Number of protein chains: 2
Amino acid sequence: MHMQTPWEYRYAHRTRQMGSSVIRELLKLTEQPDIISFAGGLPAPEVFPVEEFRAACNRVLDAFGPQALQYSTTEGYRPLREMIARHTRRYAVEVDPDNILITSGSQQALDFIGRLFINRGDYIVVESPTYLGAIQAWNAYGAQYVTVPTDENGMIVEELEKALRVGPKFIYVLPNFQNPGGWTLSLERRKKLVELADRYGVPIVEDDPYGQLRYEGEHLPPIVALDSQYRQENGKHYSGNVIYMSTFSKILAPGIRLAWVIAPKEVIRRLVMAKQAADLHTATFNQMVAYEVGKGGFLDEHVKVIRRVYKERRDVMLEMMEELFPAEVHWTRPQGGMFLWVTMPKGWDAAEVLRLAIERKVAFVPGAPFHPNGGGENTMRINFSYSSPETIREGITRLAGVLREVLGEKAPAG
Amino acid sequence: MHMQTPWEYRYAHRTRQMGSSVIRELLKLTEQPDIISFAGGLPAPEVFPVEEFRAACNRVLDAFGPQALQYSTTEGYRPLREMIARHTRRYAVEVDPDNILITSGSQQALDFIGRLFINRGDYIVVESPTYLGAIQAWNAYGAQYVTVPTDENGMIVEELEKALRVGPKFIYVLPNFQNPGGWTLSLERRKKLVELADRYGVPIVEDDPYGQLRYEGEHLPPIVALDSQYRQENGKHYSGNVIYMSTFSKILAPGIRLAWVIAPKEVIRRLVMAKQAADLHTATFNQMVAYEVGKGGFLDEHVKVIRRVYKERRDVMLEMMEELFPAEVHWTRPQGGMFLWVTMPKGWDAAEVLRLAIERKVAFVPGAPFHPNGGGENTMRINFSYSSPETIREGITRLAGVLREVLGEKAPAG
């Protein structure tokens, strides 16, 4: 009697694959005010449209107070889904609200996709490196990964066919300004990806949080649009091979946890069942406020502000790196998004570099955890959206000092 | 090429246990304006504190706009967790914020508990009948159920020991104004439950959405408090055998999706990992607004309003049933909550009665789905929180007519 509860013997097998997120643990570093952190993946809070958001809250509560605070349907607020459908049709994909599910952030969409498709031991094709949140979501379902290498044009699709012959459940790809790499999948590769996935009957999960955040170059059609064209679905509601995900986190604000999934209706129906069991529905109020903010076209104007702010930060960071980083270190030059990717000489360990960097009051995320099958020890992800240009100048100066220090240590003793 | 994607061969095994919620499908009936529906489980929207909520939104956006719209920690907004800890200490359970996780509604807490504890085929002890949302959440993890019968004092704890010898993962119980039964677990049975669970080393999951909504009789201590006393944990942070859940859905509003879990710290740490993979965190803004609404004690005053409104509705419903229902039909007289439970004569089928009821423009939920191992075909759940007293009078009159009609048909021909 009165004994300690033996919790440790009661956890399910799947908890062995669950770990605390490396990224989120590192985010704790940001809390030390004297550290300049390029580790997180945070939008710049200065660009949040607080006043528009406040006005929308008040309009929603004026006109629909009790409805906004009541339970609502699992699929999501219909006017919001209609707005997303209109937005999507710009890219020549015929979707209607029944092709759309609202989720509580993209992480939830990743979780539901795992729940729907992954049996323990199933293989998922991912880019190497790939988004850490996806690996975290799918590890809970016992996924294994087949990795496809990447270059400055994204997934090397020529290497994909080998991976497809493993019999994977789906292909996961971030086509625009990839997290963590910063690269963008070329149009030619997008088309080839659609064809190969169709040939092998393997669905594609297209994760596109940053598509709107392009600072230069031409917008490329999303894979879901190319798949629709490939199937000659003109005028028919989308029923192809792609599950597309995007989010309000990067174009409005992440703190309201609103994202969406576009998929064939039969997939949406299954996702809705998953969501019923998982959290009933996404907050009614948040959905109504996002619709109220977005319905008049405000977000189209607002992303221009975000692009201007982030472009400046990217440019400052690239300039500083060009000026200060040792020639032995290389990095990507993303056309959009929030991250760039640094490759140090072979044999360097980014985790060791991070330890030194933290002493010098600057931080980043080591690249290894983004490689589910290993590798990338000499890489790091750097965020440029969160810090001001002045902070970026100071932070990159500190980081360059760290890199030169390591380089000096590693240089053969003269 | 251009073939239809064979989605149906790609779903994971667990999707076979996933079904659309009976309750949520029935909720669609509420959308027909001429049907009086006692089927849903909705709070009365008239009592939502829209003005206090609006004022809180504005105060939060004034003082903390960018923070409220930014990503935040998985555990939840600390001042909100502190407020919940203070509230919980009223019941003599020593908890601090590290004993608390904020979830996106109680359904999410049920999902995470399944994720943390249930291996395919594991047994869970539940009351019969029990809450449908829990069955739905845990079916996705392959749970099986051992049912313990109930009477007007809740789970018949004398029958529990038999169920514990099956080796279940945990015991799930709704002690106050149970959904669907309306009954309350007596103090004596609560104490016995704590002792038995401790003896067998089986944790208790205490689901308490309605605890504050008591209309008569004396408040009974939550099981988590009795467990804490039993362990003589005075002054120590809670580390016992109970995972306790409650929600802002019934005391503030469900449309903001905010609930909480109280558990030993090691369990909270695991739940946090589950939440990181599932949706990163609950909406920052919603948590800050709920704190802003609640911090000055407003919710304590507000539940008094809710109690007054719901008590009147319950009383009107009970009076009408007393007056109009046939003597062959019996029902519970809940001391709080939102539901009562009707038992028709043996051999009656509530699903058939519902079909006739819908023709007569009144609806309820048939009781069978609340029984995971079968039974309860002659029972129904009736909600009294959502409809006005006038609507309740008319609806119960219609339903009584249906019951008398069925009774006439079933009567032996004369």
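Here, each number is a calculation from the coordinates, and none is a lab measurement. Source: prediction; values computed, not measured. A quick note on method: Cβ atoms are made from the backbone with ideal geometry, for glycine too, and the neighbour counts reach across all protein chains shown.
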For the pair B:Glu161 and A:Gln4, the simple spin-label estimate (label points 7 Å beyond Cα toward Cβ) gives in nm 2.9 nm
If we hang a label 7 Å off Cα along the beta carbon direction at B:Arg16, how far is it from the matching labels on the other copies, in nm, shortest first?
-> 2.4
Sorting B:Thr332, B:Ser387, B:Ile306 by the position of each Cα along the dipole of segment B:296-414 (Lys, Arg +1; Asp, Glu -1; all at Cβ), the one nearest the positive end of that ordering is B:Ile306
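How much of the DSSP beta bridge set in segment A:70-299 is antiparallel, as a percent to the nearest 5? Intermediate values should be presented prior to the final figure.
Numbers: 10 of 26 bridges.
Beta bridges within segment A:70-299, antiparallel portion: roughly 40 percent.
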Excluding same-chain residues fewer than 8 positions from B:Lys410, which lysines have a Cα within less than 23 Å of its Cα?
-> B:Lys346, B:Lys361
Which of A:Ala140, A:Ala12, A:Ala197 moves most in a GNM of chain A, Cα contacts under 10 Å?
-> A:Ala12
How large is ³J(HN,Hα), in whole Hz, for each residue of segment A:309-316 in order, when computed from phi with the Karplus curve 6.51 cos²θ - 1.76 cosθ + 1.60 and θ = phi - 60°, using x for Gly and Pro?
-> 5, 6, 4, 4, 5, 4, 4, 4
Using +1 on the beta carbon of Lys and Arg, -1 on that of Asp and Glu, and nothing else charged, what's the dipole of the protein assembly as shown about the Cα centre, debye to 20?
-> 680 debye
In whole angstrom, how far apart do the alpha carbon centroids of segment A:247-305 and segment B:172-188 sit?
-> 36 Å
Near A:Arg120, within a Cβ-to-Cβ distance under 11 Å, what is the net charge of the other residues, with Lys and Arg +1 and Asp and Glu -1?
-> +2
Highest GNM mean-square fluctuation among A:Lys191, A:Lys162, A:Lys265, for chain A with Cα springs under 10 Å, belongs to A:Lys162
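Among the GluC sites (Glu not before Pro) within segment A:117-203, which fall in a DSSP loop and have no more than 13 other Cβ atoms within 10 Å of their own Cβ?
Values: sites: A:Glu127, A:Glu152, A:Glu158, A:Glu159, A:Glu161, A:Glu188, A:Glu195; in loops: A:Glu152.
Counting only loop positions with at most 13 other Cβ atoms within 10 Å, the GluC sites (Glu not before Pro) in segment A:117-203 are A:Glu152.
Once the mean 1/r over all distinct Cα pairs of segment B:186-325 is inverted, what Kirkwood radius in angstroms do you read off? Before the final figure, lay out each step's value.
On the way: mean 1/r = 0.0566 Å⁻¹.
That comes to 17.7 Å for segment B:186-325.
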Viscosity 1.002 mPa s, temperature 20 °C, Stokes-Einstein D of the protein assembly as shown from Kirkwood C-alpha radius, µm²/s = 76 µm²/s
For segment A:370-378, Karplus-derived ³J(HN,Hα) couplings (6.51, -1.76, 1.60; θ = phi - 60°; whole Hz; x for glycine and proline) come out as 7, 10, x, 10, x, x, x, 4, 9
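Within a Cβ distance under 15 Å of A:Thr247, other residues only, what is the Lys/Arg minus Asp/Glu net charge?
Taking every other residue near A:Thr247 into account, the sum is -2.
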Fraction of beta bridges assigned by DSSP in chain A that are antiparallel (%, nearest 5) = 55 percent
Which length gain, in nm to one decimal place, applies between B:His219 and B:Asn58 when the Cα-Cα distance is subtracted from 0.36 nm times their residue separation?
-> 54.4 nm
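Grab the Cα-Cα distance for B:Glu322 and B:Arg120, subtract it from 0.36 nm times how many residues apart they are, and report the gain in nm with one decimal.
On the way: separation 202, 0.36 × 202 = 72.72 nm, distance 4.53 nm.
Length gained, B:Glu322 through B:Arg120: 68.2 nm.
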Whole-Hz Karplus couplings 3J(HN,Hα) for segment B:196-210, θ = phi - 60° and coefficients 6.51, -1.76, 1.60, Gly and Pro as x, run 5, 4, 5, 4, 8, x, 9, x, 10, 9, 9, 9, 10, x, 10
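Based on the Cβ-Cβ distance of A:Glu51 and A:Arg269, what FRET efficiency does E = 1/(1 + (r/R0)^6) give at R0 = 35 Å, to the nearest 0.05? Intermediate values should be presented prior to the final figure.
Values: r = 39 Å, r/R0 = 1.11.
Efficiency, from the Cβ-Cβ distance: 0.35.
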Fewest-first sequence of B:Ile268, A:Ile124 by Cβ atoms within 10 Å of each Cβ | B:Ile268, A:Ile124
Please name which of B:Ser186, B:Ile102, B:Ser72 has its Cα lying farthest along the dipole of segment B:70-298 towards the positive end, using unit charges on Cβ (Lys, Arg +1; Asp, Glu -1) and the Cα centre as origin.
-> B:Ser72
What residues have an amide H closer than 5 Å to that of B:Tyr145, excluding those fewer than 5 places away on the same chain, when H is modeled at 1.01 Å from N in the peptide plane?
-> B:Ile124
Of A:Tyr244, A:Tyr230, A:Tyr11, the one that fluctuates the most in a GNM where chain A has Cα springs shorter than 10 Å | A:Tyr11
Where does the Debye-calculated log10 I(q)/I(0) of segment B:351-408 sit at q = 0.24 Å⁻¹, using only Cα point scatterers of equal weight, no solvent?
-> -1.00
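What does the charge count near A:Thr184 come to, summing +1 for each Lys or Arg and -1 for each Asp or Glu among other residues with Cβ under 14 Å from its Cβ? Could the numbers behind the result be given before it?
Numbers: positive: A:Arg189, A:Arg190, A:Arg214, A:Arg314, A:Arg333; negative: A:Glu127, A:Asp151, A:Glu152, A:Glu188, A:Glu206, A:Asp207, A:Asp208, A:Glu216, A:Glu218.
The answer is -4.
For a quick check: sort A:Arg86, B:Arg231 by the number of other beta carbons within 10 angstrom, fewest at the front. Display every interim value, and only then the final one.
Working: A:Arg86 12, B:Arg231 20.
Ascending Cβ contact count within 10 Å gives the list A:Arg86, B:Arg231.
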Return the Cα extents of segment A:70-299 along principal axes one, two and three, sorted largest first, each rounded to a whole Å.
-> 50, 40, 33
Using all Cα-Cα distances in chain B, what percent lands in each 20 angstrom bin from 0 up to the longest?
-> 26, 56, 17, 1
Amide H proximity to B:Val365 below 5 Å, modelled H, separation 5+ or other chain, gives B:Arg381
Under 5 Å between amide H atoms, partner at least 5 residues away or on a different chain: which partners does B:Ile243 have, H built in plane at 1.01 Å?
-> B:Ile204, B:Val205, B:Glu206
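Output the antiparallel fraction of DSSP beta bridges having both residues in the protein assembly as shown, as a percent to the nearest 5. Don't skip to the answer; put the middle values down first.
Working: 40 of 76 bridges.
Around 55 percent of the beta bridges assigned by DSSP in the protein assembly as shown are antiparallel ones.
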